[in-house]
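Please treat every number below as a calculation from the coordinates, not as lab data. Keep in mind that this is a model prediction, so the values were computed, not measured. Note that each Cβ is placed from the backbone with ideal geometry, even for glycine, and that neighbours are counted across all protein chains shown.
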């Protein structure tokens, strides 16, 4: 998978897949989303993301492509957010399309993002907050050397119940 996976900048042609993912209610609790996004708002986000640099926006979305028969297929996205360049740290979030889960894509994308964050952004550490029941995401981060450093009890309200959120950290 390593040579077949590429992280790339967000492009205008990504609007359809971003629109689908951002409006999938099944993943809203993982992204702290509470309402659907309009196509117009997402188009404006993509256009502004191309003009903003990570230093000023404090965030960066990269698309995850896999190469199949020499053709790129967009299968997910990975975000760096809450960038603190003074303290050299940032948060990480990842989404892999439902049809591509369980193939090691998240693990490989996180690995490449860690390499990028260290080599080009000069970050010292990355962190991720993951709902305790999201075992596949936890495994992908742990395979990349992220360690659980704490648990936020009853942190995420999901219907009539509360769920714990685990905090993970990696020193690069």
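Working only within the stretch 106-120, note down all residues that are touching a residue at least 40 places away in the same chain (Cβ under 8 Å), in contact with a helix residue (DSSP H, G or I) (Cβ under 9 Å, 6 or more places away or on another chain) and crowded, with 19+ Cβ neighbours inside 10 Å. Across the stretch 106-120, the qualifying residues are 108, 109. Filtering the stretch 136-151 to residues that are surrounded by 14 or more Cβ atoms within 10 Å (Cβ to Cβ) and out of contact with any helix residue (DSSP H, G or I) (no Cβ under 9 Å at 6 or more places or on another chain) leaves 138, 142.
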